[in-house]
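Worksheet: one structure, shown below.
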Amino acid sequence: MLRAASLRVTRPRVAVLAAVHEHPHADTDSILSAVRADLGDVSHQAVYDVLRALTVAGLIRRIQPMGSLARYESRTGDNHHHVVCRSCGAIADADCAVGTTPCLTASHDHGFAIDEAEVIYWGWCPDCNARQPAIDRK
Ligand SMILES: [Zn+2]
């Protein structure tokens, strides 16, 4: 994947890419822990730099729901969305609403050439919902 994206293959890059594949929606600290378990001591800055390079190269995608740290995932380029729990912050993938990419058809595009839609569906995950049903929420 790195070579296909014209990136030099380095051990930190391979380790970060593997960590993002193994831990979808992980934040930087979780990825750092996974990379350290694999490579030993690696600086936070090094992992941060690799995450940025991989994101720019399109090998990973960075998402940042409101009120959350940046999260990374290896599913890129398929215009999928996310469901996020308002209570515990759990994140899951949600494919595009119906059909291929109907969400790319904005009601008014203001003349923009739209190529991506980033939708976050907010709500309560099954665990939090069971613990505190909608009727009891403030
Ligand atoms: Zn939850």
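The values are calculated or read from the model by the stated rules, or taken from the named source; none is laboratory data. The structure presented is a predicted model; accordingly, all values stated were derived computationally and were not measured. Positions of Cβ are generated from backbone atoms using ideal geometry, with glycine treated the same way; all protein chains shown enter the neighbour counts. Protein only, heavy atoms only, side chains kept; ligands, DNA and RNA dropped before computing areas. Shrake-Rupley method; radii C 1.70, N 1.55, O 1.52, S 1.80 Å.
Things worth noting here:
- Considering segment 61-87, and only residues there that are in contact with a Leu (Cβ under 9 Å, 6 or more places away or on another chain) and of a type outside the set (S, T, N, Q), the residue that is most open to solvent (accessible area, probe 1.4 Å) turns out to be Arg62.
- Listed by first and then second residue, the pairs with beta-carbon distance under 7 Å, at least 6 apart or on different chains, first residue in segment 108-132 and touching a residue at least 40 places away in the same chain (Cβ under 8 Å) and in a loop (DSSP other than H, G, I, E, B), second within 10 Å of the ligand (Cβ to nearest atom) and not acidic (Asp, Glu), are Cys125/Cys85; Cys125/Cys88; Cys125/Ala90.
- Between Asp93, Asp109, the distinction of being of a type in the set (Asp, Glu) and closer than 20 Å to Glu22 by Cα belongs to Asp93 only.
- Screening segment 31-42 for residues that are open to solvent by less than 60 Å² (accessible area, probe 1.4 Å) and modelled with pLDDT of 95 or more and picking the one that is farthest from Val84 (Cα to Cα) gives Val35.
- Selection status of Ile60, over 27 Å from Arg11 (Cβ atoms) and touching a residue at least 24 places away in the same chain (Cβ under 8 Å): no
- Scan of segment 19-30 for residues that are open to solvent by 80 Å² or more (accessible area, probe 1.4 Å) and either of a type in the set (A, V, I, L, M, F, W, C) or over 11 Å from the mean Cα position of the chain (by Cα) (or both), ordered by number: Glu22, Asp29
- Which listed residue is of a type in the set (Gly, Ala, Ser) and closer than 30 Å to Ala134 by Cβ, from Gly40, Gly58, Gly67: Gly67
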